[in-house]
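Here is the structure we will look at.
What follows draws every value from the coordinates through simple rules; no lab data is involved. As the structure is a computational prediction, the values presented were derived from the model and not from experiment. All Cβ positions, glycine included, derive from the backbone under ideal geometry; neighbour counts span all protein chains shown.
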Amino acid sequence: MKRLFFSVAMLIIGITAFSQAKIQFLNSEHDFGVFKEEAGRQSFNFIVTNTGDSALVILNVVPSCGCTTPEWTKSPIPPKGQGKITAIYDPAGRPGAFDKTLTVHTNTKPEMSVLRIKGEVSPHEKTIEELYTFAVGPVRFESNHLPFTNVKKNEKKVRVMPIINTSKNPVKLEFDALPKHLTLKSNPETLKAGQKGIIEATYDANLNPEQWGSNTDMAKVKIDGVILPNLFFYVSANLVEDFSGLSKEELDNAPVFKIAQTTIDIGTMVQETTRDVEFKYKNEGKRDLHIRSVKASCGCTAVQQGSNVIKPGEESSIKATFNSGGYSGKVTKAIYVYNDDPKYSEVLLFFNADVTPKTPAK
């Protein structure tokens, strides 16, 4: 009798020990298809069934990116019971196709399951304000800044920018206070009500011989003959040397700008004091090296270049004086050097300083 009781008890324990929750999905993948961005968040419920003989617990659901938010049944799901995992996809700012996963952690064996959502977001149609971000009275520009990027010193370059007249009346658009190397005009000059046009910009680097590297010009805007106060249109260009016409022989015999170090730590200094820094370099080429321009990244740094022509084998240096002013803590400043070394014509130098507060006078 005792032996029979023991056998039954062991059978019950065995059955209990081997009871296990099992997870089954009606679908493990969902395709949202194509939908518009302005349709907002899209959601889908993955139906979960416990096909085991013990309670199923969904411990966590981890999405593959922040664009997907999961929600799920938090209470235990009994055997043969159902729950759900909701995948919510946010398309805002995410046009195009997507393919994301959700990793489901449960008390089953195996402990992880993977769900997948995919689809394609059609970008929303941009408003006039989004397409033309810079308002100039009744006219809107694509931007307040027209970048020419690199312009060769012997080049005349043209760029355009879209504009639109958003008013119900015709508007005449002109520009004023332009430097001689820059031309700006509206085409058409008079925009009809609601009409689109372009700004035609011409940058003639031949007429800007003294400038090298990054340059920005400001133009005033005139609407119907009246200059708009405190409003400027910016045009930038990076003026660079043109080496495209050099022969192999000329390249082989070109000057070579060789600098000892491009970053210098000038150490600790007090506010409202100055500190000098010097960058030494050498012309290791076969022809004269010409220093076109040396510029500091801010007015707190004064730069000085000795000779602008360095003979082959000669050394020179670029000196700078940094005024710590009201700076505090770690400070990094830059110096831009432009020269006629075809392989290293734009050189960026850095110096670091640790500025401490000025001790108040007693």
Normalised contact order of the chain, rounded percent, pairs of Cα under 8 Å and 6 or more residues apart: 11
Entries in LYS152/LYS343; LYS282/LYS319; LYS156/LYS222 that, when Cα-Cα distance is taken, lie over 18 Å: LYS156/LYS222
Viscosity 0.692 mPa s, 37 °C: Kirkwood-radius Stokes-Einstein D of the chain over Cα pairs, µm²/s: 117
Where the Cα pairs of segment 248-356 fall when distances are cut into 10 Å bins, in %: 15, 44, 25, 13, 3, 0
Dipole magnitude of the chain about its Cα centre (Cβ charges: Lys, Arg +1; Asp, Glu -1), debye to nearest 20: 1180
Centroid-to-centroid separation of segment 92-164 and segment 237-254 [C-alpha atoms, Å]: 37
Computed Kirkwood radius, in angstrom, where 1/r is averaged over Cα pairs of segment 208-302: 18.2
Angle in degrees between helix 2-17 and the longest Cα principal axis of the chain, rounded to the nearest 10: 30
Local net charge near ILE77, Cβ-Cβ under 11 Å (Lys/Arg +1, Asp/Glu -1): +4
Estimated [θ] at 222 nm from DSSP helical runs (n ≥ 4, -39500 (n - 2.57)) normalised by residues in the chain, nearest 500: -2000 deg cm²/dmol
Computed over segment 128-240, the ratio Rg/Rh where both radii use C-alpha atoms and Rh is Kirkwood: 0.99
Ratio of the Cα radius of gyration of segment 17-122 to 2.2 N^0.38 Å, where N counts its residues: 1.16
With eigenvalues of the C-alpha gyration tensor scaled by 5 and rooted, segment 88-151, Å: 45, 15, 10
In segment 126-191, GluC sites (Glu not before Pro) in a DSSP loop with at most 13 other beta-carbon atoms within 10 Å: GLU189
Charge sum, other residues only, whose C-beta stays under 9 Å from ASN339's C-beta, Lys/Arg counted +1 and Asp/Glu -1: -3
